[in-house]
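Worksheet: one structure, shown below.
The values are calculated or read from the model by the stated rules, or taken from the named source; none is laboratory data. Keep in mind it's a predicted model, so treat the numbers as computed, not measured. A quick note on method: Cβ atoms are made from the backbone with ideal geometry, for glycine too, and the neighbour counts reach across all protein chains shown.
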Amino acid sequence: MLLDTIKMEISTNPENISIIRLTASGIANKIGFSIDDIEDIKVAISEACTNVIKHTKVDNFSIVFEIYDEKFIIIISDDGIGCTKESIPKVDLCNPKVGGLGIYIIKTLMDDVEIKSVKEKGTVIKMIKFLGVDN
């Protein structure tokens, strides 16, 4: 059951990522997530926000935090240039490079991740962390 929703519209200033991380951390703590899960959420949200800031040409993006008894949903959306699945580089863990690991890291740390992107219309990333679920 949805308990609460918090919405933020935030500028693409990289310094704002710390505000978003603190907000997510506070909410996750209130729900009852462990310190390790909270750290995973903070890293995942940092990666998602960094992707928005780095790859879009917009001034603002939005974040919706949905709070449930048993899960935490974070939805980050922008009205940027969007992308196709083919344009997202494949991860080669045998030959890692700087950059290009953000989506992989997000999918590793969160329990469920959905990405919807339409070229020239923007991208939405929905990240879900379930309470009490070990990855």
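Please verify whether ILE41 is closer than 22 Å to ASP69 by Cα, in a helix (DSSP H, G or I), touching a Phe, Trp or Tyr at 6+ places or on another chain (Cβ under 8 Å) and among the β-branched types (Val, Ile, Thr), treating the condition exactly as stated. Considered against the rule, which asks whether it is closer than 22 Å to ASP69 by Cα, in a helix (DSSP H, G or I), touching a Phe, Trp or Tyr at 6+ places or on another chain (Cβ under 8 Å) and among the β-branched types (Val, Ile, Thr), ILE41 comes out as yes.
ASN29 meets each of the listed conditions (1) over 15 Å from GLU70 (Cα atoms); (2) free of Cβ contacts under 8 Å to residues at least 24 places away in the same chain apart from (1). In this structure, does THR56 turn out to be within 10 Å of the chain's Cα centre (by Cα), touching a residue at least 40 places away in the same chain (Cβ under 8 Å) and more than 13 Å from MET8 (Cβ to Cβ)? Here the answer is no, as THR56 does not meet what is asked. A single entry from GLU9, GLU66 fulfils the requirement of being touching a residue at least 24 places away in the same chain (Cβ under 8 Å), closer than 16 Å to LEU131 by Cα and either touching a strand residue (DSSP E or B) at 6+ places or on another chain (Cβ under 8 Å) or of a type in the set (Val, Ile, Thr) (or both): GLU66. Checked against (1) touching a Pro at 6+ places or on another chain (Cβ under 7 Å); (2) on the phi > 0 side of the Ramachandran plot, ILE53 meets all criteria but (2). Restricting the range 54-98 to residues that are in contact with a Lys or Arg (Cβ under 8 Å, 6 or more places away or on another chain) and assigned to a loop (DSSP other than H, G, I, E, B) leaves a set whose member that is modelled with the lowest pLDDT is THR84.
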